[in-house]
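These notes concern the structure reproduced below.
Please treat every number below as a calculation from the coordinates, not as lab data. Keep in mind that this is a model prediction, so the values were computed, not measured. Note that each Cβ is placed from the backbone with ideal geometry, even for glycine, and that neighbours are counted across all protein chains shown.
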Amino acid sequence: MQKETEKKERSTPSSNIINWKTDPLLYDVEIQRPNNWFTANELIESNRSNDIFLNGKQTLNLYPILVKKIDFVRKNSTDRILSRFPFLVITQEEKEQIQKKILLISEFTRDYFYNSINNNIIAWKKRFSNYLERGAIPYPLFRCACEILQLQIIRKNTTSLSFESARGKRYVIPTKITPALAYLCGIVNGDGHLHTHWLRVVDETKEHIELISKLFVKLFNDSGEIFKTRNAWNVELRSSSAVRLFNFLTDQTIKGAKYDSLREPLLFKQLGEPYRSLYWRGAMDADGSFKRRISFASASKTYVLDFKQYLSSIGIKSTFYSKVKDGNYLHIPAHYKVAYTVQIGSLNPKKSADLQEFLHRKHAKAKYLGLNPDTLLSSGYFNFHLLKSLYLKGVEDYLLQYRGKRTYVEMEREFYLANGTYSGFEKGKTALPFSFFTLLVMKTSTTEELVYEILNERQDKIRYYIANSTPVKLPLQPSDVLRMLLPYLEPKSSYVSVLTQESHRKKQIEQLFDMRIESQRVNSRIVVQFLRTFCKYQTTNYLIPPSKFDEMQLKWHNELFEIV
């Protein structure tokens, strides 16, 4: 009876001895399966943000990120539990320190692995000797050694730790939050998929996949495998440790639909810039678009609204749309495209090219300098022949007067018109080209001035247009009112921007062209052509020139790879 009691005392650790079930370094109180593990978001929300770092927010506490209680659980007698853990590559000094106290460390390890691997002290000592010879030991064994040797489980002044897989493949895991890690978190949340032992990123361009592969090398010393499937390029990184790191930092689901888990990582939100902008740059390089507008799309409403909140915090407005079939969208007005580029930017080669093209679309600001005297006739009228494809209506009475007693057929023969054309002109059913009207008037005059005199007499009822545009009034010659209003009109590609909020000025503009101003715009291509033809403007480019954009891209690239 006494021998059985002694055996029980040796095999059952006392309540004050640390084991894997009670280890305060491990985040989860109970054994949890993947996707129920504590993440950085949950630690921050439960006021445990200090547990994320060691050394005062300088070093990530990797041990509870990479080691989980479920790893210690034996499913059957043949399980190789130690092969589940990352093997830490140790220094020569650490080898010597462990060797000196190998028996004490083995005893602590026996207790730590209670009810997981029930080896005796001698068996653990033998294991340690083999691992020391190899130069790499399972991470929990190093944790046990640190407890006896009073060492920190993360070395000071390091940016990463070197590990080996059970099969001997070496890799590193970063111990610092870096620009590259923040950017990759955005990429993985957008275009990435986490599985138990590997992660994969998919993109339409090989160039961006190659950039991601280089970032994997920088962070994990592993380029991953690049391959193509159908119309997409993939890079796959086989590392359960990397999977656990991304899951911890971002909450992204392991081996399952990720959209319910997507949100802006609270850690980057807490750390602030540049990590927030780098994270969202990665997310936009994955799920953003810069073709017709700056937009962001995701199946996760929470995720899109998080981005909207971030944009608002840096002074960029956006509009949220949610559709049952199409998902959730965020549109950023073109007005903010420079601010977006400066504060977030893009490193995806294709999307970066789209952004640069978008920056230079409709970018010119036209400052009014005055009327162009070279476009005026000697009589002082605007030379309307300079307006391309100009049509007019309101001169039907003149056409009838000109025809007199002649038939439509006679008129059409005289001017080589198709059957019914002159009739259509006279009845206002067929578009009347300004060039034909001039030709007709010049049949009875030696000077073109008569054309404008006829138009001037009918100024109130004549309207001008091109193609399918709405007919408008146009001034025939400069006037004091016109000169006063022109500085308030800025021609764009298909509309005129009204540069005043004064109601009486806007009313004068509406009367000048007989058009309504809508949303500070005169929506008329003929008015645009009129202004560009008869006025002088100084075009000023307020956006980012190509050389500057290239400099910014180089800066973003160097920031990720920490090139000074």
Environment charge of Asn35, counting only residues whose C-beta is closer than 14 Å and scoring Lys/Arg +1, Asp/Glu -1: +1
Alpha-carbon centroids, region 461-489 and region 103-176: separation in whole Å: 84
Amide H contacts of Leu432 (H built 1.01 Å from N, under 5 Å, at least 5 apart or other chain): Leu392
Neighbour net charge for Leu512 - beta-carbon separation under 14 angstrom, K R +1, D E -1: +3
By average C-beta atoms within 10 angstrom, highest first, the peptides 209-217, 305-313: 209-217, 305-313
Nonlocal amide H pairs with Ile254, under 5 Å, H built at 1.01 Å: Asn35
Estimated vicinal HN-Hα couplings, Hz - region 447-455 in sequence order (Karplus 6.51, -1.76, 1.60; Gly, Pro = x): 10, 6, 4, 4, 4, 6, 5, 4, 5
Under 12 Å, Cβ to Cβ, from Phe415 - net charge with Lys/Arg +1 and Asp/Glu -1: +1
For region 149-157, 3J(HN,Hα) per residue [Karplus equation, 6.51 cos²θ - 1.76 cosθ + 1.60, θ = phi - 60°, Hz, x = Gly/Pro]: 7, 6, 9, 6, 5, 10, 5, 6, 6
Candidate lysines for bridging to Lys507, where Cα separation is under 20 Å - those fewer than 8 sequence places away on the same chain excluded: Lys461, Lys473
Karplus 3J(HN,Hα) series, Hz, for region 37-51 with 6.51 cos²θ - 1.76 cosθ + 1.60 (x for Gly, Pro): 5, 5, 10, 4, 4, 5, 5, 5, 5, 9, 6, 10, 4, 5, 6
Cα gyration tensor category, rounded, prolate or oblate, for region 354-399 with a/c compared to 1.5: oblate
Listed pairs Lys291/Lys317; Lys337/Lys492; Lys169/Lys214; Lys75/Lys101; Lys176/Lys228 exceeding 26 Å between Cα atoms: Lys75/Lys101; Lys176/Lys228
Tensor-based shape of region 416-507 (alpha-carbon gyration tensor, a/c under 1.5 rounded, otherwise prolate or oblate): prolate
Three-way shape call for region 187-305 based on the alpha-carbon gyration tensor, with the a/c threshold at 1.5: rounded
Proxy reagent accessibility, fewest Cβ within 10 Å first, across Met515, Met284, Met442, Met552: Met442, Met552, Met515, Met284
Matching label, Cα extents along the principal axes in Å computed from the structure shown, candidates [x] 78, 56, 47; [y] 137, 43, 36; [z] 135, 62, 48: [y]
Amide H contacts under 5 Å for Lys536, placed H, 5+ residues apart: Leu369, Gly370, Leu371, Asn372
